[in-house]
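Shown next, in C-alpha cells, is the structure this report addresses.
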Amino acid sequence: MCGFGVDSEKITQGPGVPLQKRRSFLGALLGVGSAFVGALLSVPLTRFALFPILRRTTELKSSPVGTLDEFSTLNEPVLRTVQIEQVDGWRKAVSEKAVYITKDQRGQLCVLSSICPHLGCTVPWNKEKNRFICPCHQATYMSDGTRVSGPSLRGMDTLETSVQDGQLMVRFQYFRQLVADKEVIG
C-alpha cells in the first residue's frame, strides 16, 4: 500500500493464516476437484469408444439339421431350418434361418446359407432349372453354391459343420454382403 509500509503477504484474515496461503490451497483444491470431475465424466466416453472391442457377442452354438443317414442318398439340395438364439442386452430373441444341405464337388456334405451374398435376399432352390436363383437380381448358383451368373461377387456361403452322435450339426453365421471375399460379421 502507498506509503504505509504494509506487506501484502503478511495480511492475515482470521486466526493467523496468511491470505496468500489460503488462496493457493483453494486453487489446488479446485484443480484436484476439476481433475476428479473430468476423469469421472470421461468414463462413459471411454466405454463408448472401447465398446466394440470389449463387447461380448452371442456365443455361436451348433444346431442339428438331421442325421447323416437322411443325407446319404442326396442328389439335390435339401432345405432345413435352424434356430438361432441371440442375446441383445437383456432381451433374448430366437429366430429361424433356412439352410441347404447339399454335396460339394468332391461329394462331401456341405451346408449353405440361404442368404444371397449380394443383397441378402433368401435364395430358393429351383428344381426345374436345377439351380439356386435369387429372386431379387436373378443371380444363379450351382447346387454346390458356386456362382454361375448375376451381380453377386461370390458364391453362396458355406457354414461350419460337425457330426455329433450321428447328427449333422451346423453353426449359422452372417457374412458381409457386396464383397468378393467371405467375411463373418455375426
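One table, with the values for the structure above:
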{"read-out": "Some residue of region 90-106 being assigned to a loop (DSSP other than H, G, I, E, B) and of a type in the set (Gly, Ala, Ser)", "value": "no"}
{"read-out": "Residue in region 86-97 that is surrounded by 15 or more Cβ atoms within 10 Å (Cβ to Cβ) and either of a type outside the set (Lys, Arg) or more than 30 Å from Phe51 (Cα to Cα) (or both) present", "value": "no"}
{"read-out": "First in region 157-168 and farther than 23 Å from Lys182 by Cα, second anywhere and open to solvent by 70 Å² or more (accessible area, probe 1.4 Å) and among the acidic types (Asp, Glu), Cβ under 8 Å, 6 or more apart", "value": "Gly166/Asp69"}
{"read-out": "Pair list, Cβ < 7 Å and 6+ apart or interchain, from region 170-181 residues that are on the phi < 0 side of the Ramachandran plot to residues that are of a type in the set (Asp, Glu) and in a loop (DSSP other than H, G, I, E, B)", "value": "Phe175/Asp157; Phe175/Glu183; Arg176/Glu183"}
{"read-out": "In region 107-142, the residues that are open to solvent by 70 Å² or more (accessible area, probe 1.4 Å) and not in a strand (DSSP E or B)", "value": "Gln108, Leu119, Lys127, Glu128, Lys129, Asn130, Pro135, His137, Gln138, Met142"}
{"read-out": "Residue count, region 43-74 (criterion: open to solvent by less than 80 Å² (accessible area, probe 1.4 Å), assigned to a helix (DSSP H, G or I) and either at pLDDT below 85 or within 18 Å of Val99 (Cβ to Cβ) (or both))", "value": "4"}
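The values are calculated or read from the model by the stated rules, or taken from the named source; none is laboratory data. Here the structure is a predicted model, which is why all the values come from computation and not from measurement. Positions of Cβ are backbone-derived with ideal geometry, glycine not excepted, and every protein chain shown enters the neighbour counts. All accessible areas refer to the heavy atoms of the entire protein, side chains included, with ligands and DNA or RNA removed. Shrake-Rupley method; radii C 1.70, N 1.55, O 1.52, S 1.80 Å.
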